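Participant: Submitted below is the structure of interest, expressed as structure tokens.
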Amino acid sequence: MVLAPAVAVRDRTRLGVVAILASTVSFPLSDLAAQSLMPALPSIEVAWLRYVVFFLATLPLLLQGRRALASVRPGLQVLRGTMSACSTLAAIMSFKYLPVPETTAIGFVAPVVVTGMAVVVLGEKVGLRRWSAALVALFGVLVIVQPGGSSFRPAALIPLLGAVASAAAVIGTRLNKNDAASATLLYSTSIGTLILSGLVVFDWKTPDAAQLETVLVMGIFGALGSLLQVIAYRLAPASLLAPFTFLQLIWAAGLSFLVLGTVPHVGMFCGGAIIAASAVYTALRERAKGVA
């Protein structure tokens, strides 16, 4: 049976939402592994090692031949890969000064930027309700970060700049949606590895066996999260997926508690509830419209 166009669109959107939700678990696991390496290894080296594992994980895609790298706009892929590398480096540098949940919280300025850029760059129609959901989620982040607290030290500018780069990478993914996912991943890993390779030679410390095991965990979950994110933004509108990415903050807080014993403050729970409510509202609203 051939699916009607409307049904096919709904199925693609659902798969996109599932993929983005799965990525919200993968990224915090990678981030926690990265933070555990920070006391012993330089930030640039940790970022480079993460990209190397990601690059090696994507190499089998080259078995597809030339079409694995085929791109309608390769220049745009290069720009997307550069922004993705900048975002990764900023996040890992942040872990030296801020806990994972706080870094993640500041980084969630990105979905709001994505929503705005989706209108300007992608021409997506974003109604009042989607704007409201994004802004409510941002308010939840502010409740967690608590302006005037330690998160607003100068170091907080690092994840903030990383969030802008991350938003640009997301928009780049959507602009390259006609390219094969393999092309997006191979361009991203190759460019990121190349850029960081030029920096890591200035700040290097040889990791031991235990640290290399942690590097593998960091790289595998980072690669999985990136793959899921690429799939999600190829299947569903960026402005629709943006609120769901806020759930990563809840995972970051929970996993930080389980792994590192970091106890979330009351604002983390309140803000997390606000963020979750925003994502659920968006899902229900899109279902009511017949989009999701």
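The values are calculated or read from the model by the stated rules, or taken from the named source; none is laboratory data. Everything numeric here is computed off the predicted structure, so don't read it as measured data. Here the Cβ is made from the backbone with ideal geometry for all residues, glycine too, and neighbour counts use every protein chain on show.
Participant: Just one of the numbered conditions (1) assigned to a helix (DSSP H, G or I); (2) modelled with pLDDT under 85; (3) closer than 26 Å to L186 by Cα is not true of V72; which one?
Facilitator: The failed condition is (1).
Participant: Exactly one of these conditions fails for R66: (1) out of contact with any helix residue (DSSP H, G or I) (no Cβ under 8 Å at 6 or more places or on another chain); (2) among the charged types (D, E, K, R); (3) buried (at least 24 other Cβ atoms within 10 Å of the Cβ). Give me its number.
Facilitator: The single condition R66 does not satisfy is (3).
Participant: What are the pairs with Cβ atoms under 8 angstrom where one residue, in the stretch 54-78, is closer than 16 Å to T193 by Cα and the other, located anywhere, is buried (at least 17 other Cβ atoms within 10 Å of the Cβ) and acidic (D, E)? Sequence gap at least six, or different chains.
Facilitator: Once the first residue is closer than 16 Å to T193 by Cα and sits in the stretch 54-78, its partners that are buried (at least 17 other Cβ atoms within 10 Å of the Cβ) and acidic (D, E) give Q77/D179.
Participant: Same structure, new question: Determine whether the stretch 203-214 contains at least one residue that is among the hydroxyl-bearing types (S, T, Y) and either touching a strand residue (DSSP E or B) at 6+ places or on another chain (Cβ under 7 Å) or part of a loop (DSSP other than H, G, I, E, B) (or both). Working first, answer last.
Facilitator: Taking the stretch 203-214 first, the residues among the hydroxyl-bearing types (S, T, Y) are 206, 214.
With the extra rule that they be either touching a strand residue (DSSP E or B) at 6+ places or on another chain (Cβ under 7 Å) or part of a loop (DSSP other than H, G, I, E, B) (or both), the set shrinks to 206.
Yes, there is a match, as at least one residue in the stretch 203-214 is among the hydroxyl-bearing types (S, T, Y) and either touching a strand residue (DSSP E or B) at 6+ places or on another chain (Cβ under 7 Å) or part of a loop (DSSP other than H, G, I, E, B) (or both).
Participant: For P111, work out the one condition from (1) more than 14 Å from F246 (Cα to Cα); (2) not in a loop (DSSP other than H, G, I, E, B) it doesn't fulfil.
Facilitator: (1)
Participant: Identify the residue in the stretch 93-125 that is without any contact (Cβ under 8 Å) to a residue 24 or more places away in the chain and small (G, A, S) and, among all such residues, is nearest to L138 (Cα to Cα). Full working, then the answer.
Facilitator: Looking only at the stretch 93-125, we keep the residues that are without any contact (Cβ under 8 Å) to a residue 24 or more places away in the chain, and these are 116, 120, 123, 125.
Okay, now just the ones that are also small (G, A, S), so 116, 123.
Working: G116: 13, G123: 22 Å.
Selected residue: G116.
Participant: Quick one: which residue in G172, G192 is in a helix (DSSP H, G or I), surrounded by 18 or more Cβ atoms within 10 Å (Cβ to Cβ) and out of contact with any Ser or Thr (no Cβ under 7 Å at 6 or more places or on another chain)? Lay out the reasoning, then the answer.
Facilitator: Working: G192 fails: out of contact with any Ser or Thr (no Cβ under 7 Å at 6 or more places or on another chain).
None of the other options fit; the residue is G172.
Participant: Checking the structure you have, find out if any residue of the stretch 228-239 is surrounded by fewer than 19 Cβ atoms within 10 Å (Cβ to Cβ) and among the charged types (D, E, K, R).
Facilitator: Step one: of the stretch 228-239, the residues surrounded by fewer than 19 Cβ atoms within 10 Å (Cβ to Cβ) are none.
Within the stretch 228-239, none of the residues are surrounded by fewer than 19 Cβ atoms within 10 Å (Cβ to Cβ) and among the charged types (D, E, K, R).
Quick grid of which residues meet (1) within 24 Å of L76 (Cβ to Cβ); (2) in a loop (DSSP other than H, G, I, E, B):
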{"residue": "K125", "(1), (2)": "yes, yes"}
{"residue": "F139", "(1), (2)": "no, no"}
{"residue": "L157", "(1), (2)": "no, no"}
{"residue": "A168", "(1), (2)": "yes, no"}
{"residue": "L185", "(1), (2)": "yes, no"}
{"residue": "L196", "(1), (2)": "yes, no"}
